[in-house]
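The values are calculated or read from the model by the stated rules, or taken from the named source; none is laboratory data. What you are looking at is a predicted structure, and each value in this text was computed from that prediction instead of being measured. Here Cβ is always computed from backbone atoms with ideal geometry, including for glycine, and neighbour counts include all displayed protein chains. Please note that ligands, DNA and RNA were not included when accessible areas were found on the heavy atoms of the full protein model with its side chains. Shrake-Rupley method; radii C 1.70, N 1.55, O 1.52, S 1.80 Å.
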Amino acid sequence: MKRTPHARHLPLLVTASLVLLVFIAGALVYPRFASFGVVRNLMVDNAFLAVAAVGATFVILSGAIDLSIGSVMAFTSILLATLIEQHGWHPLAAIAFAVIVGGAFGLAQGLIIQAFELPAFLVTLAGMFIARGGAFLVHPQSLGIKHPFVADVLNERLSLVLPVGPHGVTIPLLVDIALLAIAAAAVVLSFTRLGRNVYAVGDHEQGAMLMGLNIRATRLSVFTISGLCSALAGVVFTLYQQSGDPAACKGLELDAIAAVVIGGTLLRGGIGSVLGSSLGVLLLGLIQTIVTFQGNLNSWWTKIVVGFLVLAFVALQRRFTR
Amino acid sequence: MPEPRRASLPPLLWPLAALALLLCFNFLFTPGFFSVEFRDGRLVGTLIDILNHSSKVAIVAVGMTLVIATGGVDLSVGAVVAICGAVAATLAQRAPMPVIVLAALGAGLAAGLCNGLLVTRLRLQPIVATLVLMVAGRGVAQLITDGLIITFERPALVAVANRSLLALPIPVWIAVGIAALAAAFTRRTAAGMLIEAVGDNDRACRYSGVNESRLRLGVYAFCGLCAGVAGLIECSYIKAADANNAGLFLELDAILAAIIGGTALAGGRFSIAGSLTGALLIQALTKTMYMHDVSADVAPLPKGLAVLAVCILQAPRVKTSLARWAGGRA
């Protein structure tokens, strides 16, 4: 495969410039667009998508796909709410438990994919059904969280107030969680054996196997990480909404996959980065913000634009990876 | 890995056995499951309900079966159903009936061609190519309906899904018709064999002079057309177009029906009769759960478990050991 380093980073550069371009265009067209408030909201509203996209990046880099993300998020969110509100768990314990459950769910999917040599999209499709049905089994309606710890400590006291603008800008904890997840994933992918194995397996599975890499363990880790990230994204979503909802996040996996692709990760696997995916999430968020600012645009334009962006990026990558 | 031919089990055996098992369960534990009455010139009963509601999945599954047989998959059928429903509902009050039908089916065909071109011209993986329309398609449907749920009172259009013909609901006849046409076309001509050949080894096919591009384009277009028919039926049934929920999860049901019916996910082998049985099985399972007070929201859970069980049973590794076991005993 002929691939110059330049071509490899091109999609990432394109995404970064697109983010800048869209932001500048928004700032020029709409008077109050270039404000700290807009940027803050952009981060707060997309924090859970960013965490979900981190997990999706791992799976896609390894050449697989995970369609269960949105359902696992909904399951986590309603599980959290039920544990805290109806069973009197401490929120921190509930969060830890929910994240572990998500990881176990991902691991189980990985095990089935491995053991029976089934396609990932099929098993995670079944996982999407199971987690969604399970969410409704836990609690059939959305459930508000009124525990003081969540409202006061997690959402208020742990917020960061940046001394910018007239009133300062409050960055809630959930944005920090997302940024931490992105940073941790970037470190794992760039500097650890697991990270290199993920790239190797995604780029050329047989080659990786012949080199003696443990493909089985890599694949299992990747699906476990995706489950963990989905659950963490569910936690962030729950903090964001201050409620659990079994019907939430329908189709969110598509947004996450779209963000990963727009961020320059090859859907075939082997090439891409978490940084790119985060930029992809930002770009999706910016498009959504612009559609909202415009006011008279039907919000469904977002989906159409995202569809075309995905198509454009996939076509761009084909051109540069041949 | 070559397998002795006698060791393979008949492909329709599993889905039929599962369906029989489910019917036995209902015979024992669901009172009134088998009662069918003749009322106002049509049959009424749970079994007829199942037939009626499975027809939509069956129609899409026929198209999906051929796509999967070429080694591909079409994730966009749910979104295409929404688009075609939106087209039909928008035209419902102002266009003549043939125009409505042609427009809806045309939209489906166009969507299918779009997928097919992405797969054959841009050489995208089918999952990726159809993902684009899966994401954008509902947006397009929303755009057509302007984000509203469009309701209509057009007797001719409403009749499509709500009236009966020769005692059975019309969608059942449509499903049977499409399946029969597809089966005749693929099995009476070389088309079926060529589709399987492309799914088995597309490169070998190309070298032996089969125009695999055109064949692939054809199956995606046909799948889109099938989704168009299903969209027309769905919007006729609920007398409205709901861009958000029309055909939601239909792609999963269709893929599931095809796999239950013995169509190999990796391509190379398909059975349209199997897919019909699969669609029936899914609907019978859903209906059974509803009749046993499993809520519609929780229903995906057992369904997902069923999908996993079927997939594991169909997995090559499990299948070889099962076949060896059956062959050893015969």
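Note on surface exposure: B:E212, A:E85 rank A:E85, B:E212 by accessible area, highest first, 1.4 Å probe.
Let me check something: with ligands and nucleic acids excluded, how do A:V310, A:V305 order by accessible area (1.4 Å probe), largest to smallest? Display every interim value, and only then the final one.
Details: A:V310 5, A:V305 55 Å².
Putting A:V310, A:V305 in descending order of accessible area: A:V305, A:V310.
In plain terms, the C-alpha convex hull of region A:32-122 casts an average shadow of 8.3 nm² when viewed from every direction.
Mind giving me the FRET efficiency for A:V164 and A:R216? R0 is 41 Å, r the Cβ-Cβ distance, nearest 0.05 is fine. That pair, A:V164 with A:R216, gives E of 0.25. Spin-label model, A:I100 to A:T192: label points 7 Å out along the Cα-to-beta-carbon direction sit 1.9 nm apart.
Counting lysine pairs in the protein assembly as shown whose alpha carbons fall under 17 angstrom apart, excluding pairs fewer than 8 residues apart on the same chain, gives 4. With a simple spin-label model that places each label point 7 Å from the Cα along the Cα-to-Cβ direction, the separation between B:F185 and B:F27 comes to 3.8 nm.
Per residue of peptide A:120-131, the mean number of Cβ atoms on other chains within 10 Å of the residue Cβ is 6. For chain A, the relative contact order comes to 36 percent (Cα pairs under 8 Å, sequence separation of at least 6). Put the Cα centre of region A:24-75 next to the Cα centre of region A:233-280 and the gap is 6 Å.
Over the Cα atoms of region B:42-316, each weighted equally, I'd like the Debye log10 I(q)/I(0) at q = 0.09, 0.11, 0.13 Å⁻¹, rounded to two decimals. Summing over Cα pairs of region B:42-316 leads to -0.39, -0.59, -0.83. Any chance you could tell me what percent of the C-alpha pair distances in region B:247-330 go past 20 Å? Value for region B:247-330 (Cα pairs over 20 Å): 41 percent. Once all protein chains are placed together, B:V172 keeps about 10 Å² accessible to a 1.4 angstrom probe. Computed extension length for B:L313-B:L166: 49.1 nm, one decimal, from 0.36 nm per residue of separation with the Cα-Cα distance subtracted. The convex hull built on the alpha-carbon positions of region A:16-68 has an orientation-averaged projected area of 4.8 nm².
Per atom type, the protein assembly as shown shows carbon and sulfur on 66% of its accessible surface, probed at 1.4 Å. Helix screen, chain A: DSSP H segments with Cα axial length of 18 Å or more and mean Kyte-Doolittle hydropathy at least -0.5 are A:5-29, A:36-61, A:69-86, A:91-116, A:120-138, A:173-191, A:215-241, A:274-294, A:301-321.
Between the amide H of B:L165 and those of B:I170, distances stay under 5 Å, these residues lying 5 or more places away or on another chain, with hydrogens modeled in the peptide plane.
Kindly point out which whole DSSP H helices in chain B project their C-alpha atoms 27 angstrom or further along the helix axis while averaging a Kyte-Doolittle hydropathy of 0.0 or above. Helices meeting the criterion: B:46-69, B:97-120, B:126-145, B:212-238, B:272-291. Binning the C-alpha pair distances of the protein assembly as shown at 10 Å intervals from 0 yields a P(r) profile of 3, 15, 25, 27, 19, 8, 2, 0, 0 %, listed from the shortest bin outward.
Averaged over the residues of B:248-255, the number of partner chain Cβ atoms lying within 10 Å of the residue Cβ comes to 2. In this structure the amide hydrogen of A:V169, modeled in the peptide plane, comes within under 5 Å of the amide hydrogens of A:L162, A:V164, none closer than 5 places in sequence on its chain. Other residues lying with their Cβ under 12 Å from the Cβ of B:T120 contribute a combined charge of +3, Lys and Arg counting +1, Asp and Glu -1. Peptide A:104-115 is shielded by partner chain Cβ atoms: per residue, an average of 1 of them sit within 10 Å of its Cβ.
For region B:91-229, a simple Cβ point-charge model (Lys and Arg +1, Asp and Glu -1, everything else neutral) yields a dipole of about 200 debye relative to the Cα centre. Here each label is just a point 7 Å from Cα along the line to Cβ, and for B:V176 and B:D293 those points are 3.7 nm apart.
Across the protein chains, with a 1.4 Å probe defining accessible surface, the residues B:M134, A:M211, B:M289 rank A:M211, B:M134, B:M289 from largest area downward. In this structure the amide hydrogen of A:S273, modeled in the peptide plane, comes within under 5 Å of the amide hydrogens of A:T265, none closer than 5 places in sequence on its chain. Legend: P(r) of region A:5-321 from all alpha carbon pair distances, 20 Å bins from 0, whole percents, reading 33, 58, 9, 0. By a 1.4 Å probe calculation restricted to protein chains, B:Y220 has an accessible surface near 0 Å², given to the nearest 10.
Answer rounded, prolate or oblate for region B:186-330, using the Cα gyration tensor with square roots of eigenvalues a ≥ b ≥ c: rounded when a/c is under 1.5, else prolate when a/b is larger than b/c, else oblate. Could the numbers behind the result be given before it?
Values: a/c = 2.62, a/b = 1.21, b/c = 2.17.
Note, shape of region B:186-330 comes out oblate.
The value for region B:243-293 of Rg(Cα) / (2.2 N^0.38 Å) is 1.29. Note on B:T320 and A:Q206: with the Förster distance fixed at 25 Å, the Cβ-Cβ geometry gives a FRET efficiency of about 0.70.
Spatial offset of region A:134-176 relative to region B:281-330 amounts to 41 Å, using the alpha carbon center of each.
Taking both sides together, what accessible area is buried at the B/A interface, probe 1.4 Å, expressed in Å² and rounded to the nearest 100?
The contact between A and B buries close to 3700 Å².
When nucleic acids and ligands are ignored and a 1.4 Å probe is applied, A:K250 ends up with an accessible area of around 110 Å².
In this Cβ point-charge picture (+1 for Lys and Arg, -1 for Asp and Glu), chain B has a dipole of about 940 debye about its Cα centre. Placing unit charges on the Cβ atoms of the charged side chains and taking the dipole of the protein assembly as shown about its Cα centre, the candidate lying farthest along the positive direction among A:Q114, B:G268, A:L67 is B:G268.
If you take all other residues with their beta carbon under 15 Å from the beta carbon of A:C229, and give Lys and Arg +1 and Asp and Glu -1, the sum is -3.
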